[in-house]
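The values are calculated or read from the model by the stated rules, or taken from the named source; none is laboratory data. From a predicted model like this one, the values you see are computed outputs, not experimental measurements. Virtual Cβ from ideal backbone geometry, glycine too; neighbours counted across all protein chains shown. Ligands, DNA and RNA are excluded from the accessible area calculation, which covers all protein heavy atoms including side chains. Shrake-Rupley method; radii C 1.70, N 1.55, O 1.52, S 1.80 Å.
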Amino acid sequence: MRSIALQNEIIFLILAVLAVVSSIVMITAHRPIDSALSFIVTLISIAALFGLVNATFLFVVQIIIYAGAILTLILFIIMFLNIKDENLPDEKYKNLWLLGTTLLILPFSAILIHLILKSDIALNSVTDESFGTIKDVGLTLYSQWVLPFELVSVLLLVALVGSVTLSKRND
Amino acid sequence: MLKAYMILSIILFSIGMVGLISRRNIIVIYMSIELLLNAVNLSLIAISGDLGDSSGHVMSLIIIAIAAAEAALFMSLFVVLFRKKGSLDANIFDLLGSKYES
C-alpha cells in the first residue's frame, strides 16, 4: 500500500514537471507551430494526471477532444494560413514583457499557494471501483446536471452558426 | 496529494495568465486561454476525486464542451482576420476602436 502511494507520487512529479516545462515553452516560443506542439505535451500530461486520480472517463475525453480535435484544428489552421515570418508580430521586448508580467502575477500565486499549504484540506482518496467511470459520470450528468447539458447543446449550435457566418466571404 | 494538485493547478494558471498578458501573437493568446481552462479542470477533478463526488467531473466535461465551441469560433476569427490584415499581431486588430480607415 505504501509503495503504491510512493509510485503515484513519483509519477505525479514527472507529469507535473513535464506539464510546467512544456507550458513555459508554449508561452515563450516565437513561432506558433512550436507552441502548438508543446501545448499538446501539456494537454497529454494533464490527461495522465486525470488518470492518476481515477477520472478515467475524463482522461479519454481530454485526449480525444483536446489533443485529438482542438489541437488538430489549431495545427490545421496554422498550416492552412501559410504563415511566413513577416506575418508574425515582431515582439522586440518579448522577454522584458514576460519578465514584467511574471513579477506582476507572482505575488498573487504566492498568496494562493501559501493559503493552500496552510489550509487543512483532508486527504481521503476514494477507492470505490465505479468512481469516475462513464456510468458514474453519465448518471450524475443526466440526473443533476440536465439543464446545463441542454444549455451547452444550444451553445454549440450558436457556435456552429456563428463560425459559418463569420467565415463566409461577404462580397 | 490534493494539495500538490492544487499547487500545480495554480502554477499552470499563472503561466497561462503570463502568456495571455504578455504575448501579442493571437494563436499563443488563444492557447493561453485554453491553458487557463485546463488548470481549472485539473483542480476540479482533484477536488472531485478527493470528495468522492462526480459533480466535478461533469463540470469539467461542460468546460471542455465550451472550450470546443470557443475553438470553432476562434478558428474562424483567425481565418477572417488573417485574410483581412495579413498578420497575426493582436495590436493591429483594432477594427472597433480605430480612428482611421483601414
message: Quick check: from the Cα gyration tensor, does region A:1-148 come out rounded (a/c under 1.5), prolate or oblate?
response: oblate
Of A:Ser119, A:Phe108, A:Val158, farthest towards positive along the dipole that unit charges on Lys, Arg, Asp, Glu beta carbons give region A:72-164: A:Phe108
query: With each label point set 7 Å from Cα along the Cα-Cβ vector, what nm distance links A:Val158 and A:Ile134?
result: 3.0 nm
task: Consider all pairwise Cα distances in chain B and report the whole-number % of them above 23 Å.
output: 41 percent
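With viscosity set to 0.692 mPa s and temperature to 37 °C, compute the Stokes-Einstein D of region B:8-55, Rh being the Kirkwood radius across alpha carbon pairs; µm²/s, no decimals.
On the way: Rh = 11.3 Å.
Approximately 290 µm²/s, per Stokes-Einstein.
Can you give the translational diffusion coefficient of the protein assembly as shown in µm²/s, computed by Stokes-Einstein from the Kirkwood radius over Cα pairs at 4 °C and 1.567 mPa s?
Details: Rh = 20.0 Å.
Stokes-Einstein gives a translational diffusion coefficient of 65 µm²/s.
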- prompt: With every protein chain in place, what's the accessible area of A:Ile70 (1.4 Å probe, Å², nearest 10)?
  reply: 10 Å²
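Rank these by accessible area, largest first, 1.4 Å probe: B:Met6, A:Met26. Please list the in-between numbers first.
Numbers: B:Met6 35, A:Met26 0 Å².
Putting B:Met6, A:Met26 in descending order of accessible area: B:Met6, A:Met26.
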- request: Give the cross-link partners of B:Lys85 among the lysines, using a straight C-alpha distance below 29 Å as the criterion and excluding same-chain residues fewer than 8 apart.
  value: A:Lys84, A:Lys92, A:Lys94, A:Lys168, B:Lys99
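If the only charges are +1 at each Lys and Arg Cβ and -1 at each Asp and Glu Cβ, what is the size of the charge dipole of chain B around the Cα centre, to the nearest 20 debye? Provide the component values of the computation, followed by the final result.
Details: 7 positive and 7 negative charges, 77 e Å.
Approximately 380 debye in magnitude.
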- prompt: Excluding ligands, DNA and RNA, what is the solvent-accessible area per residue of chain B at a probe of 1.4 Å, expressed in Å²?
  reply: 38 Å²
task: Name the residue farthest towards the positive end of the dipole of chain B from the options B:Ala46, B:Leu73, B:Leu2, assuming +1 on Cβ of Lys and Arg, -1 on Cβ of Asp and Glu, about the Cα centre.
output: B:Leu73
query: Taking springs between alpha-carbon atoms closer than 10 angstrom, which of A:Phe76, A:Phe131, A:Phe57 fluctuates most in the Gaussian network model of chain A?
result: A:Phe76
- request: Would you kindly find the accessible area of B:Ser48, with a 1.4 Å probe and non-protein molecules such as ligands, DNA and RNA excluded, rounding to the nearest 10 Å²?
  value: 10 Å²
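For peptide B:84-94, how many partner chain Cβ atoms fall within 10 Å of a residue's Cβ, on average?
2
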Per-residue SASA entry for A:His30, accessible area with 1.4 Å probe, Å² rounded to 10: 80 Å²
- prompt: In what sequence, largest accessible area first, do B:Asp89, A:Asp34, A:Asp85, A:Asp120 appear using a 1.4 Å probe?
  reply: A:Asp120, A:Asp85, A:Asp34, B:Asp89
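Assigning unit charges at the beta carbon (Lys, Arg +1; Asp, Glu -1) and nothing else, what dipole magnitude in debye, to the nearest 20, does region A:72-162 show about its Cα centre? Don't jump to the answer; show the numbers that get you there.
On the way: 5 positive and 9 negative charges, 46 e Å.
My answer is approximately 220 debye.
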- line: TM-like helix rule applied to chain A (DSSP H, alpha carbon span at least 24 Å on the long axis, mean Kyte-Doolittle at least 0.5) gives A:2-28, A:32-52, A:94-118, A:146-167
task: Would you mind calculating the relative contact order of chain B from Cα pairs under 8 angstrom and at least 6 residues apart, reporting the percent as a whole number?
output: 27 percent
query: Stretch A:Ser119-A:Arg2 to full length: gain in nm at 0.36 nm per residue minus the Cα-Cα span?
result: 39.7 nm
- request: Among A:Thr102, A:Thr42, A:Thr133, determine the one that fluctuates most according to a GNM of chain A built with springs between C-alpha atoms less than 10 Å apart.
  value: A:Thr102
message: If I fit a long axis through the Cα atoms of helix B:2-22 and take the longest principal axis of the Cα atoms of chain B, what angle between them do I get, 0 to 90°, rounded to 10?
response: 10 degrees
- request: Working with all protein chains in place, sort B:Glu34, A:Glu150, B:Glu70 by solvent-accessible area computed with a 1.4 Å probe, largest first.
  value: A:Glu150, B:Glu70, B:Glu34
task: Could you check the simple spin-label distance between A:Ile64 and A:Leu81, using points 7 Å along Cα→Cβ, in nm with one decimal?
output: 2.9 nm
query: So what's the convex hull volume per residue for the Cα atoms of region A:1-71, in Å³?
result: 63 Å³
Per-selection Rg to Rh, region A:72-134 - Cα, Kirkwood hydrodynamic radius: 1.26
